[in-house]
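Below is one structure, written out as structure tokens, with a few remarks after it.
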Amino acid sequence: DSNDIVEIADYTKNKFAEPNEELFGIAKGKNIIKIHLESFQSFLIDYELHGEEVTPFLNSLVHNKEEGFTYFDNFFHQTEQGKTADAEFILDNSLYGLPQGAAFVTKGNNTYQALPAILNQKQNYTSAILHGDYKSFWNRDEIYKQFGIDYYFDASYYDMSDDNVINYGLKDKPFFKESMPMLEKLNETNKPFYAHLVTLTHHHPYLIDEEEATIPPAETGDNSVDRYFQTARYLDESLEQFFNDLKEAGLYEDSIIFLYGDHYGISENHNRAMSELLDKEITPFESAQLQRVPFLIRIPGVESQGTNHRYSGQIDVMPTLLHLLGIRADDYILFGTDMFSKEHKQFVPFRRGDFITPDYTYVSGTYYDNETGEVIEKVTDEMNEMKQLIEEELRLSDKLVYGDLLRFYTPTEDWKPVDPSIYRYGYDEN
Ligand code: GP9
Ligand code: MN
């Protein structure tokens, strides 16, 4: 009931991390370009196959500080069965996805206080999702309305002719190319915008046309793993092309640009091939470490920190962005904390109750030392308390989502509940 929301709000307000004063509001009113790296795991960064970098462009963003990006190398995905949909859900709400199924599908009609709606109400942002699949996949066309997303440029806005399509939908290169005029139009008529580009080609089973593959497959004999590097390279090339186009269009310098990996691409069913490629046994501890996905962010007027080693997860992205824009995150019910805050909470819960801290990893009842990967025999009180805290956090998030409890929460005096009926998506000729 509505009392539960009080308990939940107490928890998140207590967890809240005060903004970093130097960064609070520094990017207010800037366009935001959010880039989804499908199935991209951090082990690909700087990985060499046949003596070649797999993702030279992303590597250059990580290493060349002049490009302005800060790379978080201890950032983790927190998704479960909802995969892409879970990643989108977590990033735009700072709530956890559900233990089973996808909140996008089963809780698509809930009330939300999502980032697009907040940015619109607070700073008049227009939000857009761009994606080369059709609008009803993952029930996006319903839940986006609850998030207050203004435009959804789905496959119906793109050239979906045979040459342009593979696997789930539009190939990333034509996707980014055709997205440029849409972004330019948004910039002309709806500035500032919050645009989310969701890539697709680097998706299981990692199909690519031979003439578009610019690196040979790996040679483990596990076909989808072997091709994983080829579609990663294709994604990397598509990003380079997109960044050049953004620069040419004058949309690069003055925008917040961030990239994130949505979830693993290689499941535990492929441990044999992975141990060959990484030259180590894939223990439960190593599997947890492999849940790292990249997070890279460029903030206009802020120098690159190079690589930031703080531990964080997808749940932390929304409060981080709010603070960069000068909107206090503690007005809302958010389970993450600002990654740039001195008080940022460096524990990363996974959906099944496992978790990672900077010192140790908890997987299926066992604690491991992060430095050695060895089992920790002597469990401390602090570890037990952390485990309980994480169970509590997940329990409260689930209570909120299952009970649709944001119906009962008024974040700020001027908050207007999102009216889903005012949104319409999809191109149609009439
Ligand atoms: C489909 C795409 C893939 O539109 O986003 O979703 P996934 O299978 O990764 O959850
Ligand atoms: Mn995905």
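Filtered by the rule that a residue be more than 14 Å from residue 16 (Cβ to Cβ), of a type outside the set (Phe, Trp, Tyr), part of a loop (DSSP other than H, G, I, E, B) and touching a strand residue (DSSP E or B) at 6+ places or on another chain (Cβ under 9 Å), region 312-348 gives 325, 346.
Inspect all residues belonging to region 177-187 and state whether any of them is among the polar types (S, T, N, Q), part of a loop (DSSP other than H, G, I, E, B) and either more than 23 Å from residue 137 (Cβ to Cβ) or within 16 Å of ligand 2 (Cβ to nearest atom) (or both).
Keep residues of region 177-187 that are among the polar types (S, T, N, Q), which gives 179, 187.
Now narrow it down to the ones that are part of a loop (DSSP other than H, G, I, E, B): none.
Within region 177-187, none of the residues are among the polar types (S, T, N, Q), part of a loop (DSSP other than H, G, I, E, B) and either more than 23 Å from residue 137 (Cβ to Cβ) or within 16 Å of ligand 2 (Cβ to nearest atom) (or both).
Candidates are the residues of region 4-45 that are more than 30 Å from residue 234 (Cβ to Cβ) and among the aromatic types (Phe, Trp, Tyr); the one that is nearest to ligand 1 (Cβ to nearest atom) is 11.
When region 46-89 is filtered for residues that are away from ligand 1 (no atom under 11 Å from the Cβ), on the phi > 0 side of the Ramachandran plot and part of a helix (DSSP H, G or I), nothing remains. Pairing each residue of region 199-223 that is on the phi > 0 side of the Ramachandran plot with any residue that is part of a helix (DSSP H, G or I) and of a type outside the set (S, T, N, Q), provided the two are 6+ apart or on different chains, yields C-beta distances under 6 Å for 206/227; 206/228. Residues in region 65-92 that are out of contact with any helix residue (DSSP H, G or I) (no Cβ under 7 Å at 6 or more places or on another chain), surrounded by fewer than 23 Cβ atoms within 10 Å (Cβ to Cβ) and closer than 26 Å to residue 346 by Cα: 65, 68, 70, 74, 81, 83.
When region 254-282 is filtered for residues that are of a type in the set (Gly, Ala, Ser) and more than 16 Å from ligand 2 (Cβ to nearest atom), the ones remaining, listed by number, are 255, 273, 275. Being out of contact with any strand residue (DSSP E or B) (no Cβ under 7 Å at 6 or more places or on another chain) and at pLDDT below 95 holds for only one residue in 413, 429, 391, 385, and it is 429. Pairs meeting the criteria (first residue in region 66-91 and more than 20 Å from residue 144 (Cα to Cα) and modelled with pLDDT of 95 or more, second residue of a type in the set (Phe, Trp, Tyr) and within 16 Å of ligand 1 (Cβ to nearest atom), beta carbons under 8 Å, at least 6 apart or on different chains) are 75/260; 77/264. Would you confirm, using the coordinates I've provided, whether residue 214 is of a type in the set (Ser, Thr, Tyr), at pLDDT 95 or above and in contact with a helix residue (DSSP H, G or I) (Cβ under 8 Å, 6 or more places away or on another chain)? So residue 214 passes the test.
Please verify whether region 182-197 includes one or more residues that are closer than 27 Å to residue 47 by Cα, in contact with a Phe, Trp or Tyr (Cβ under 8 Å, 6 or more places away or on another chain) and either in contact (Cβ under 8 Å) with a residue 12 or more places away in the chain or within 16 Å of ligand 1 (Cβ to nearest atom) (or both). So far as region 182-197 goes, yes, one or more of its residues are closer than 27 Å to residue 47 by Cα, in contact with a Phe, Trp or Tyr (Cβ under 8 Å, 6 or more places away or on another chain) and either in contact (Cβ under 8 Å) with a residue 12 or more places away in the chain or within 16 Å of ligand 1 (Cβ to nearest atom) (or both).
Exactly one residue out of 196, 203, 263, 270 is over 27 Å from residue 320 (Cβ atoms) and not hydroxyl-bearing (Ser, Thr, Tyr): that is 270.
Among the residues examined, residue 95 qualifies as surrounded by 18 or more Cβ atoms within 10 Å (Cβ to Cβ), within 15 Å of the chain's Cα centre (by Cα) and either of a type outside the set (Lys, Arg) or assigned to a helix (DSSP H, G or I) (or both).
Against the conditions (1) touching a strand residue (DSSP E or B) at 6+ places or on another chain (Cβ under 7 Å); (2) buried (at least 21 other Cβ atoms within 10 Å of the Cβ), residue 274 satisfies every one except (1).
The values are calculated or read from the model by the stated rules, or taken from the named source; none is laboratory data. All values reported here derive from a predicted model rather than from experimental measurement. With ideal geometry, Cβ positions are generated from the backbone for all residues, glycine too; neighbour counts draw on all protein chains shown.
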